[in-house]
Every structure is written in C-alpha cells, then in structure tokens.
Amino acid sequence: MKLWVDGGLRDAATARVSVLDHGLTVGDGIFETVKATAGRTFALTRHLDRLARSARGLGLPEPDLDEVRRACAAVLEANPMALGRLRITYTGGLSPLGSERGDTGPTLIVAVGEAARRPDSTAVITVPWTRNERGALTGLKTTSYAENVVALARAHEHGASEALFANTVGQLCEGTGSNVFVVLEGRLLTPPVSSGCLAGITRALAAEWTGAEEADLPMDALERADEIFLTSTLRDVQAVHRVDGSQLPGAPGPVTAKAMRVFDERAASDLDP
Ligand code: PLP
C-alpha cells in the first residue's frame, strides 16, 4: 500500500512520522474518513470543510486543502479498490516532549483501506459515559478518540457494533463514530449539534434527503422509538435491530428502509467528479 506523508507517496511499510509527533504523544490532531467508490470520492468538499473547521477549532495551522486533494487523488490512483476508505490525518507535528506544540508545522498523512459494505441492520448498546456538549473539542473531529475505543470495545463485548452516548444533561447524543435518528410518534428526529454530537456529513445529507427534524431527545426515546437508524460515512444509513437487550422487530422499518434507499440512490449519483 502506498500512502501520502511528507509531501509525497511512500510505501506504507516504510513510511515514518516522528515518535515525538504531537498527534502520537498527546492526541493533538484531526482526521477525516472519506468513502471512495472505484476511485471516486463522495462528499470530499464537505469533508475538507470540516477538516479546516476542526483545524481552526484546535488552533492548528490551516491545512493546505489543495495538497489534501492531491494526496487523496494520488493515494486512490496508487491503490485501486472497489470500495475504499480514505483516512486523512493532520497532526500537531514534531514537538519536544511536553504538551506544547513545536514549530515544525503539522504532519499530513493520507492512507486508504478497503471498506466493507455495511450490513442492513445492527445492534447497539448505550454506555454510562457522557459526551460533553460544552467541551473545547466538542464538534471537532480530533484524533483524541480513546474514549470511543473503550466504548466500542464494550459494544463488541455485548455483540453490538456501536455504543451510544448521552450528553451531560442526559440527552441522546451520538455513537462512537455515527449519528443517530429515531422515528418517534410518526416523526423522524435526530439530536441537534448543540447536543454535543459531531456534525456528521451523512447525518446532514440524510436529514436533507428525508426531511428529518432536529430535536433534543431524552435517552428513553430509544426505548419508545418505533425505528432507529445510524448514519456515518462507512455505515451510510444503517437500521438498528437491538438496543441493549430490546429488539426492534422488523428492522429496517418502513421509514428507515426508505431513508436507506433514498440515501443509496442519491449518494451513488452524487460521487465527486
Ligand atoms: N460522530 C462521530 C463521533 C464520528 O466520529 C463520526 C464519523 O466518524 C460521525 C458521528 C459520523 O460522521 P460522518 O457521517 O461525517 O462520517
């Protein structure tokens, strides 16, 4: 596999970043995951906008988005695959041991791996840990992901593929790497960004294409919902058939099935040139 680092394509086996990179030592970095079908990305401009927003939020120098585009194109060309997941990482760069950034400037890494087509439905759990809707990192896609790793491991222990968080005031927020939608009393609803969730790109497109509304939701909305689905770059729209111990019979239900269909059709015709 060839990846992009240090301004060019390198062999993945020998590509190196410093052991003192701030992304490694303190998790000071941002990232994006972008889907590519037969070498064509989906929603790359939205991902780059969010990368730039995350950089500003973290106080990193503005990424050179032309270089990021060139890197994505070069990596996709060097690694042909039917369905790929590009991973763009932009870190604090080489820094002395300590918590302040050094002055070498950030490190850009673009890699790609095979992506699997999502199963139509999945099980989720809720976890007792909270998302902070008012933190310095809220809404930024940072590489400080260890809490998600712990929650996801808990989900896997329970035969689930995702863990859902409440925020600090007990409202439904998001998953470790996905946003959540519920069908409640005939309405399709998703938590607002003010809940502390990431402004998911799939969330925004799915909401636009299905007419879903934003609403603050208590956690027990998950018990009362007729249907639940997740959205993310790698899941697209994915039905939930079990939350903790409770089954949602017939998942994907009619609203979810329609959202999946609409998303698949629109996304397939909206690939980047
Ligand atoms: N929420 C979190 C915490 C995420 O990490 C992600 C994606 O990785 C999402 C939501 C979904 O966002 P997107 O649809 O842009 O992939």
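Throughout, read-outs are computed from the coordinates displayed, never taken from laboratory work. Note that this is a predicted model, so its numbers are computed, not measured. Quick reminder, even Gly has a Cβ in these numbers, built from the backbone with ideal geometry, and neighbours come from all protein chains shown.
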Which three lengths, in whole Å and largest first, does the stretch 74-197 cover when its Cα atoms are put on their principal axes?
53, 39, 29
Pick out which of E227, E157, E77 has the largest mean-square fluctuation in a Gaussian network model of the chain, springs linking Cα atoms closer than 10 Å.
E157
Relative to the Cα centre, what is the charge dipole magnitude of the stretch 231-273, using +1 at the beta carbon of each Lys and Arg, -1 at the beta carbon of each Asp and Glu, and rounding to the nearest 20 debye?
200 debye
The simple spin-label model distance between L271 and E77, using points 7 Å out along Cα→Cβ, in nm, is 1.7 nm
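Loop by DSSP (not H, G, I, E, B), at most 12 other beta-carbon atoms within 10 Å: where is the longest site-free stretch of the chain for trypsin sites (Lys or Arg not before Pro)? Please list the in-between numbers first.
Working: sites that count: R16, R117, R134.
It runs 135-273.
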Got a sec? Which residues in the stretch 238-252 would a label at E157 touch, if it sits 7 Å along Cα→Cβ and we count backbone N under 17 Å?
244-245
Least to most buried among H22, H158 (fewest other Cβ within 10 Å first):
H158, H22
Cβ-defined net charge surrounding A115, 12 Å radius [Lys, Arg +1; Asp, Glu -1]
+4
Scan around A43 for amide H atoms under 5 Å from its own, H built in the peptide plane at 1.01 Å from N, and keep only partners 5 or more places away or cross-chain.
D272
Want the number for D120 to K258: 0.36 nm per residue separation, take away the alpha-carbon distance, what's left?
48.4 nm
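Quick one: length gained pulling L137 to M219 fully straight, 0.36 nm per residue minus the C-alpha distance?
Numbers: separation 82, 0.36 × 82 = 29.52 nm, distance 2.26 nm.
Contour length minus the Cα-Cα distance gives 27.3 nm.
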Check: C-alpha center the stretch 64-127 vs C-alpha center the stretch 38-58, spacing in Å is 10 Å
Degrees, to the nearest 10: 146-157 long Cα axis against longest axis of the chain
50 degrees
Using only the alpha carbons of the chain, determine the length spanned along each of the three principal axes and report them from longest to shortest in whole angstroms.
54, 40, 31
Along its three principal axes, how long is the stretch 1-71 when you only count alpha carbons? Whole Å, largest extent first please.
35, 32, 17
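Say R0 is 25 Å: what FRET efficiency, to the nearest 0.05, do T130 and S246 get from their beta-carbon distance? Write out the running numbers ahead of the final one.
Working: r = 21 Å, r/R0 = 0.86.
So the FRET efficiency works out to roughly 0.70.
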Compute the helix-to-body angle for 201-210: its Cα long axis versus the longest principal axis of the chain, expressed 0 to 90° and rounded to tens.
40 degrees
Projected area averaged over all directions for the convex hull of the alpha carbon atoms of the stretch 171-251, nm², comes out at 4.9 nm²
